[in-house]
Amino acid sequence: MVEEVEVDGTVVVGLGGIGAAAALALADRGETVVGLDPRPAGHAEGSSHGHTRLVRLAYFEDPAYVPMTVRAWRLWQELERRSGEHLLTACGVLALAPTGDPARLVPATIEAAHRYGLQVDRLGAAAIRERYPAVTVPNDWEGALEREAGFVDPEATVRTLHRLAREAGADLRAETALAIEYGERPVVVTGGTRYHPRRVVITAGPWAPELLGERLPLTVTRKVVAHFSPLDPDGLGPDRLPGFVAGAGGALHYGFPLLPGDGVKIARHDGGAPTTPASVDRTVHPEEVDALRAALARLIPSAAGDLLTAYTCLYTMSPDGDFLLGPLPWAPSCIVATGCSGHAFKFVPLLGEVLADLALGTRPPVDIDFLSPARFA
Ligand SMILES: Cc1cc2nc3c(=O)[nH]c(=O)nc-3n(C[C@H](O)[C@H](O)[C@H](O)COP(=O)(O)OP(=O)(O)OC[C@H]3O[C@@H](n4cnc5c(N)ncnc54)[C@H](O)[C@@H]3O)c2cc1C
């Protein structure tokens, strides 16, 4: 017997990083919130697992994101104060690349910083090696160091957001949305219930293509992450080494300082085979580990020791690498955050706030028009 449930508020479909933040932001505003997700907070099947996500402010990808990064940085600190949890490590982030590299990682980082008055140090190869003796970049490389940057712990964040959302009155349920019926009042269908909310927030991560169908151009890609135990730990801790992004020859790797129990993590941002959450190859193959160890050894040889662990994770790619954030073009009462293309976790508390604004019809505090899903309608 299917139960018909009126919800005088919002149903949030998917309670990973972004959905949990939306549930909290909505509940904080007194909205009735029913959150649906069959998986436990911190699970390792989607895009928000592991212990580290880079948080940068001077956005080389597109300076239009900088007002969002700046506000997100403040919201992370507020979330820490409110929750009493240590989520953010402000160890800085170092962008590294050969001088003149066509991808312009370093100059674009510096330009974005200057446009918004952010502090960033431009470093030559010698200065990089002097400041970070473990980093062995060649003489023709350069760097851009953001001190006000670092990384957050995604699993701890998702658990914290679930706790706070419940404390704020959100009703989080271990259910799967099997379908969404679009209309004046959308209907969210689960195994035993048809929910009739005023609006729906869809934050289903790499499962979004299944739920939204072909109407939005999304591709899920398989990503591999590896953690290595250092040959020599000296100078590799967050007090001596920042997070890093390194671009050369079209490849873009990123990594983190040495963390207790986690070793040194590295992964590649570009590339990745198209897949789905149901069919993804979860096995990490030796050649994939070797490629990541080699990339780490080129940058920080003392970090590139034995493999500690390796696992897969999923990106949900949009054609232009920018988020899809806003009302669905065919259903204005359904708000989506998808197509996060491997770079949304740093924005999680802000995306929660923005989704609440969009759902409740208030203007978000930052310009997000450039992320409208309508650009692909
Ligand atoms: C390896 C890797 C490294 C990354 N590094 C960075 C970084 O350094 N900095 C950064 O800013 N970003 C980074 N990102 C990107 C960032 O982690 C993601 O953009 C972010 O986690 C996306 O969160 P999400 O809430 O959309 O997805 P998820 O956390 O995957 O949440 C989606 C949730 O929806 C639920 N769900 C799915 N279908 C349904 C359904 N039908 N009904 C109910 N619930 C459903 C799932 O169970 C899941 O919990 C990285 C991503 C990966 C994979």
For this session: Report the charge-dipole magnitude of the chain in Debye, nearest 20, computed about the Cα centre from +1 at each Lys and Arg Cβ and -1 at each Asp and Glu Cβ.
Result: 320 debye
Exercise. Expressed as a whole percentage, what fraction of the accessible surface of the chain belongs to carbon and sulfur atoms when a 1.4 Å probe is rolled over the protein heavy atoms?
Worked result: 52 percent
Exercise. Across region 137-148, in residue order, what do the Karplus-derived ³J(HN,Hα) couplings come to in whole Hz, using 6.51 cos²θ - 1.76 cosθ + 1.60 with θ = phi - 60° and x for Gly and Pro?
Worked result: 5, x, 4, 8, 9, 9, x, 10, 9, 9, 7, 7
Exercise. Ranked from highest to lowest mean number of other Cβ atoms within 10 Å per residue, what is the order of the peptides 230-241, 143-154?
Worked result: 143-154, 230-241
Exercise. In the calculated pair distance distribution of region 246-377, what percentage of Cα-Cα distances lie above 24 Å?
Worked result: 45 percent
For this session: For Arg185 and Arg39, compute 0.36 nm times the residue count separating them, minus their Cα-Cα distance, and round to one decimal in nm.
Result: 49.9 nm
Seminar exercise, completed: Label model pair Leu308, Arg363: point-to-point distance (7 angstrom along the Cα→beta-carbon line) in nm is 4.7 nm
Exercise. What is the sum of charges around Leu24, taking Lys and Arg as +1, Asp and Glu as -1, for the other residues whose C-beta is under 11 Å from the C-beta of Leu24?
Worked result: 0
Problem set entry | For peptides 180-187, 202-209, 118-125, sequence by mean Cβ density within 10 Å, most packed first | 202-209, 118-125, 180-187
Seminar exercise, completed: region 106-216 -> Rg/Rh from Cα coords, Kirkwood Rh, value 1.22
Problem set entry | Radius, Kirkwood style, for region 185-307 when every pair of distinct Cα atoms is counted (Å) | 17.3 Å
For this session: Name all residues of region 40-70 having a backbone nitrogen under 18 Å from the label point set 7 Å from the Cα of Arg122 along its Cα→Cβ direction, giving them as ranges.
Result: 58-61, 63
Exercise. Computed over the Cα atoms, what is the radius of gyration of region 153-204 divided by 2.2 N^0.38 Å, N being its residue count?
Worked result: 1.34
Exercise. At what distance in nm do the modelled label points of Ala377 and His196 sit from each other, each positioned 7 Å from its Cα along Cα→Cβ?
Worked result: 2.7 nm
Seminar exercise, completed: Here region 231-242 yields Karplus 3J(HN,Hα) values (6.51, -1.76, 1.60; θ = phi - 60°; whole Hz; Gly and Pro given as x) of 5, 8, x, 4, x, 9, x, x, 7, 10, 9, x
Exercise. Over region 79-164, how many percent of alpha carbon pairs lie in each 10 Å bin up to the one with the longest distance?
Worked result: 17, 36, 26, 18, 4
For this session: Determine, at each q value in 0.14, 0.17, 0.23, 0.24 (inverse angstroms), the log₁₀ of I(q)/I(0) that the Debye formula gives when each Cα of region 1-83 is one equal point scatterer.
Result: -0.67, -0.92, -1.24, -1.25
Exercise. If we restrict to alpha carbons, what Rg and Dmax does the chain come to, in Å?
Worked result: 20.7, 70
Problem set entry | Of Cys340, Leu178, Tyr195, farthest towards positive along the dipole that unit charges on Lys, Arg, Asp, Glu beta carbons give the chain | Cys340
Problem set entry | Check: region 1-95 dipole with +1 on Lys, Arg Cβ and -1 on Asp, Glu Cβ, in debye | 640 debye
Problem set entry | Whole-percent pair-distance distribution, where bins are 10 Å wide, for the alpha carbons of region 293-348 | 19, 28, 27, 15, 10, 1
Problem set entry | Cα-projected label distance for Asp232 with Arg166, points at 7 Å along beta-carbon direction, nm | 4.8 nm
Exercise. How large is the accessible surface per residue of the chain, computed with a 1.4 Å probe and reported in Å² as a whole number?
Worked result: 40 Å²
For this session: Whole number please: convex hull volume per residue, Cα atoms of region 10-154, in Å³.
Result: 145 Å³
Exercise. Listed highest first by mean packing, meaning other Cβ atoms within 10 Å per residue, what order do 89-97, 30-38 come in?
Worked result: 89-97, 30-38
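The values are calculated or read from the model by the stated rules, or taken from the named source; none is laboratory data. As the structure is a computational prediction, the values presented were derived from the model and not from experiment. As a convention, Cβ positions derive from the backbone with ideal geometry for all residues, glycine included, and neighbour counts pool all protein chains shown. Side chains included, ligands, DNA and RNA excluded: accessible areas come from the protein's heavy atoms. Shrake-Rupley method; radii C 1.70, N 1.55, O 1.52, S 1.80 Å.
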